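The values are calculated or read from the model by the stated rules, or taken from the named source; none is laboratory data. None of the values given here were measured: they were computed from a predicted structure. Glycine gets a Cβ as well: all are built from the backbone with ideal geometry, and neighbour counts include every protein chain shown. We work out accessible area using only protein heavy atoms, side chains counted, and drop any ligands, DNA or RNA first. Shrake-Rupley method; radii C 1.70, N 1.55, O 1.52, S 1.80 Å.
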Amino acid sequence: MQITSKEIRDQFLGFFKEKEHKIVSGSPVVPFDDPTLLFTNAGMNQFKDVFLGSGKRDYSRAADTQKCIRVSGKHNDLEEVGYDTYHHTFFEMLGNWSFGDYYKREAIVWAWELLTEVWKLPKERLWATVYEEDYDAFNLWKKETDIDAKHILRFGEKDNFWEMGETGPCGPSSEIHINTGDDFNNPKCVNANDPECIEIWNLVFIQYNKDEEGNFQELPQKHIDTGMGFERMCAVLQNKKSNYETDIFAPLIEKVVELSSIKNKLEKDKIPMRVIADHVRALTFAITDGAVPGNEGRGYVLRRILRRAARYGRKLNLNEPFLYELVDSLVETMGEVFPEIVKKREFVKKIIKAEEESFNITLDRGIELFDEIVKQLNKEGKKEIPGNEVFKLYDTFGFPADLTNIMAREIGFTIDESGFNELMNEQKERARDALKEKIATVNISNDDLSSFNITSEQVSEFTGYDEIKTESKIIGHKKEQDTDLIILNRTPFYVEAGGQIDDTGSLIIENQDFNVVDLTKVEDNIVHVVQSEEEDIISENKTVLAEVDRLRRWDIMRNHTATHFLHSALRKILGTHVQQAGSYVGPDHLRFDFTHYSKLSPEELNDIESLVNNELRENYPLQHHRNIPFDEAKKMGALMFFGDKYGDHVNVVQFGDFTIEFCGGTHLKNSSEIGLFKIVSESSIASGVRRIEAVTGTGVEKYINDQLAVIKQNNQRIEELLDTKKKLERDIARFSLKDKLGQLDHILALSSEVMGVEIYKGKVIADNMDELKSFGDEIRNKIKSGVGVLVAQVEDKAGIVAVVSDDLIKNKKLSAGKIVGELAKIVGGGGGGKPHLAAAGGKDLSKISTVIVKVEEVVGSFL
């Protein structure tokens with residue numbers, strides 16, 4: 001029965017557990033505690049501090065399985081993925097370590113024991129390589145194992161010498177290769193990129209420290225660092241020609257086949273399937289551990305990987321988002337070993353799907369443009385896609401250059417990579433220029449301290465963390481027309497950095513105020529720019545009172561402090577994938593840009609705002625850890641991100657357990673001093689990047705007052721609109737009534753007579769009783785002498801109006817009220833009114849015609 005990948009992993013860890021190794025958990029594939037790395041790319045990353053001598057463990061032997069991603073820099077396997085059978089963006093590295101415990105002998109002997117005695121690999125197919133000057137390792141292989149001596153090969157630094165960096169711990173290595181082909185006795189196959197002769201295990205012997213001059217000194221303690229390619233080992237032990245045929249990848253490949261409805265897996269389909277299966281692993285584990293697709297750093301790497309996979313999906317007729325549907329298959333096969341992907345399953349699917357949908361909008365159009373470019377180049381007999389076209393595909397349609405390169409390579413084309421890079425650099429330069437939010441009053445960026453007549457030993461001390469008013473002396477001064485550039489030995493003025501804008505204020509010299517109109521730095525010295533026409537007052541060694549605009553600084557500190565609380569709240573509510581992508585901290589508002597894949601819902605915004613305000617009210621005191629060692633800050637758990645530059649000593653801002661971050665800005669002494677925090681807007685500024693703008697303290701007061709003013713203005717406008725509406729309604733009613741009065745013409749033209757009294761009667765259309773009464777008034781005004789009766793269906797009732805002229809009221813004693821009262825009885829109602837006009841109604845609409853017929857009879861009864 002074939003051994004499973006789970007059994008292989010368990011047997012490796014079990015073997016070293018028997019050798020008294022502590023089985024430890026691997027670190028996240030996103031190394032947030034190491035800003036020098038995009039992704040964890042080796043098992044040793046989590047033990048870097050031990051090798052550097054800055055950290056310790058309570059064990060001297062360890063083994064684990066480590067999630068790794070290699071897509072950039074020295075370790076970049078992206079281009080090979082899918083085209084060969086054994087390179088991956090994401091892979092597991094099985095490893096064992098010794099920290100000053102055992103050394104070369106045990107590492108070599110145990111490796112040979114596991115491979116040949118536990119896993120029974122054929123010894124005649126195994127090869128060991130050693131560093132050309134490492135005679136110890138060569139002899140150990142020869143004497144301590146039964147490997148064929150001819151299978152021990154020497155290689156140079158490129159293949160068999162490991163270095164952590166330009167300086168630091170390093171040492172020779174010994175690699176173990178297996179040749180699964182027919183020519184397994186040929187040494188030329190080793191390190192020759194032969195898919196049948198591959199490296200399966202690397203044993204690194206860390207014994208030197210390399211200094212800045214390139215010299216090597218022996219380490220007092222020597223270490224072992226080994227790494228085995230898990231997927232490769234599975235292919236060997238499962239007797240597969242390709243890693244993609246193992247039980248690690250097979251479920252993913254089968255799911256791709258199912259989604260694409262491909263009946264038979266043709267050779268041309270294998271590369272897309274391999275790429276997709278590989279890439280969804282990298283995406284799932286990276287997103288699970290906190291990274292998200294974006295435009296910079298590791299976010300852009302993930303975006304490239306996802307878009308690469310999406311484009312390969314087109315080759316399998318997968319034209320709708322599909323990658324997210326593979327996540328479940330991956331979780332089923334790897335969730336037991338890595339439970340974190342089970343927990344984050346739905347979150348990962350949501351991010352991948354959103355990114356796929358975004359790219360799908362432009363993918364097809366980009367492919368069309370690519371085809372048009374190739375068609376034109378074929379006509380011209382050219383086989384290189386110009387840099388400007390590669391840039392257009394990137395800038396307009398989101399095609400990473402490596403994706404365009406793959407598409408070009410598939411049809412025998414190349415791309416002008418240098419031309420593309422030149423255009424990219426120009427764009428970055430334009431972006432940098434556009435992001436400069438302040439224009440310096442004077443250009444002094446190229447000045448050095450010598451132009452101020454001071455030495456590099458004289459450095460101005462920043463006092464702005466503790467005070468906003470400082471007594472100091474001028475230690476450097478330059479005059480440029482009506483502008484003075486002043487360096488003080490001590491100053492509370494903060495120079496724009498980390499999103500926080502410059503302070504403003506004044507320098508008081510000999511009782512004269514000089515406004516500070518700009519600030520900058522020259523070799524870490526703060527330069528104050530003031531405008532002055534005075535010739536003699538400003539000079540070196542003069543005593544100065546440097547005073548920052550107090551109220552403005554307080555507003556800035558409120559907003560800066562709130563930014564840390566906002567960042568923490570975003571990560572707690574939306575997820576740890578949230579990373580700061582930019583900020584602005586001024587006196588009037590704060591702006592915070594962050595990575596996130598979708599628009600925030602009103603509920604999310606409300607939860608974030610509430611969490612910030614609740615935490616602000618906890619009265620957290622500021623814990624300002626100043627100028628502490630970088631490693632100490634890391635141990636404190638201070639939040640850091642890839643790409644940020646940190647020195648050997650850093651500042652850390654902490655408020656309780658809610659937020660702790662690297663920051664060199666100025667902050668309030670207590671969280672409650674902020675007052676209220678209010679989000680005023682949330683928007684998108686780029687794919688995968690959102691922006692929140694907010695106000696605090698006096699900014700909230702202004703925001704509330706502005707909103708109240710808007711409400712008041714709106715209320716006034718509403719009242720005006722209501723008045724206008726009423727006027728229009730009256731006008732409409734008047735015009736409508738005038739139009740409807742035309743109904744009375746035929747009634748006035750046809751009258752009857754009872755005992756000498758003229759009778760005007762008829763049925764009309766009226767919207768309500770008031771309108772029917774208006775018709776009655778109109779009849780009464782137009783007849784000299786007589787009785788008028790009008791009936792209408794009004795609101796599901798029979799409405800009746802009667803009018804009597806003044807002469808008949810006086811001479812005949814007729815009353816409209818009595819007439820309408822009698823007529824109303826006919827429709828089942830009643831009523832009455834004044835002698836000249838009266839109205840009534842009843843429910844029986846069927847008797848309306850009867851009312852009209854009975855008018856003469858009713859009037860005659862009163863004569």
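Tabulated values for the structure
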read-out: Within-9-Å neighbourhood charge of Ser683 [Cβ basis; K, R +1; D, E -1]; value: +1
read-out: Derived scalar couplings ³J(HN,Hα) [segment 124-140; Karplus, 6.51 cos²θ - 1.76 cosθ + 1.60; whole Hz; x for Gly, Pro]; value: 5, 9, 9, 10, 10, 10, 9, 5, 4, 9, 8, 6, 4, 5, 4, 5, 5
read-out: Per residue solvent-accessible surface (Å²) - segment 579-665, probe of 1.4 Å; value: 47
read-out: Shape of segment 537-620, Cα gyration tensor, a/c cut at 1.5; value: prolate
read-out: Percent carbon-and-sulfur accessible area, segment 468-595, ignoring ligands, DNA and RNA, probe 1.4 Å; value: 41
read-out: Cα-based reach from Lys812 at 30 Å (exclusive), listing lysines while leaving out same-chain residues under 8 positions away; value: Lys761, Lys763, Lys773, Lys782, Lys784, Lys825, Lys834, Lys847, Lys854
read-out: Residues with amide H under 5 Å from that of Gly831, placed H, sequence gap 5 or more; value: none
read-out: For segment 109-206, convex hull of alpha carbons as volume per residue, Å³; value: 99
read-out: Lysine pairs in segment 204-339 with Cα atoms under 25 Å, if 8 or more residues apart or on separate chains; value: 21
read-out: Built amide H within the under 5 Å cut-off of Gly582, gap 5+; value: Asp593
read-out: Whether segment 1-147 is rounded, prolate or oblate, judged on the alpha carbon gyration tensor where a/c under 1.5 counts as rounded; value: rounded
read-out: Computed E for Glu604/Asn627 - FRET, C-beta separation, R0 30 angstrom, nearest 0.05; value: 0.20
read-out: Carbon + sulfur, % of accessible area of segment 730-863 - ligands and nucleic acids excluded, 1.4 Å; value: 51
read-out: Folded to 0 to 90 degrees: helix 769-782 orientation relative to the chain principal axis, Cα; value: 40
read-out: Protein accessible area in segment 283-439, 1.4 Å probe - carbon and sulfur %; value: 48
read-out: Sequence-separation-based contact order of segment 200-337, relative, with Cα cut under 8 Å and 6+ spacing, percent; value: 19
read-out: Prolate/oblate/rounded label for segment 218-350 (Cα gyration tensor, a/c 1.5); value: oblate
read-out: Candidates per trypsin sites (Lys or Arg not before Pro) in segment 1-104, loop by DSSP, up to 16 other Cβ within 10 Å; value: Lys19, Lys56, Arg57, Lys74
read-out: Simple label model, 7 Å out from Cα along Cβ direction - Lys635 to Asn185, nm; value: 5.8
read-out: Under-5 Å amide H pairs with Gly26, H placed in peptide plane, nonlocal only; value: Thr65
read-out: Neighbourhood net charge (13 Å Cβ-Cβ; Lys/Arg +1, Asp/Glu -1) for Lys17; value: 0
read-out: Those residues of segment 736-772 whose amide nitrogen sits under 18 Å from the label point placed on Ser849, 7 Å along Cα→Cβ; value: 761-765
read-out: Rounded FRET efficiency, nearest 0.05, which uses the C-beta distance separating Asp328 from Glu417 and R0 of 30 Å; value: 0.20
read-out: Where GluC sites (Glu not before Pro) fall in DSSP loop in segment 1-60, at most 14 other Cβ within 10 Å; value: Glu20
read-out: Percentage relative contact order, the chain, counting C-alpha pairs under 8 Å, at least six apart; value: 7
read-out: Mean Cβ count within 10 Å, highest first, over the residues of peptides 701-712, 773-784, 832-843, 618-629; value: 832-843, 773-784, 618-629, 701-712
read-out: Estimated distance in nm for a label pair at Glu540 and Asp588, the labels positioned 7 Å out from Cα along Cα-to-Cβ; value: 4.1
read-out: Added length on full extension, which subtracts the Cα-Cα distance from 0.36 nm per residue, Gln458 to Asp513; value: 17.3 nm
read-out: Selection of trypsin sites (Lys or Arg not before Pro), segment 714-746, meeting DSSP coil and at most 16 other Cβ within 10 Å; value: none
read-out: For segment 367-382, 3J(HN,Hα) per residue [Karplus equation, 6.51 cos²θ - 1.76 cosθ + 1.60, θ = phi - 60°, Hz, x = Gly/Pro]; value: 5, 4, 5, 4, 4, 5, 4, 4, 4, 5, 5, 4, 4, 8, x, 10
read-out: Percent of Cα pairs exceeding the 18 Å cut-off, where the set is segment 468-541; value: 32
read-out: Pairwise FRET efficiency - Asp84 versus Glu336, Cβ, R0 = 22 Å, nearest 0.05; value: 0.15
read-out: Descending semi-axes in whole angstrom, ellipsoid equivalent of the chain, from the Cα gyration tensor; value: 81, 45, 25
read-out: Under 12 Å, Cβ to Cβ, from Leu403 - net charge with Lys/Arg +1 and Asp/Glu -1; value: +4
read-out: Projected label distance in nm at Asp731 and Asp806, using a 7 Å step from Cα toward the beta-carbon; value: 3.5
read-out: Acute angle (nearest 10 degrees) that the helix 417-434 long axis makes with the longest principal axis of the chain, alpha-carbon atoms; value: 50
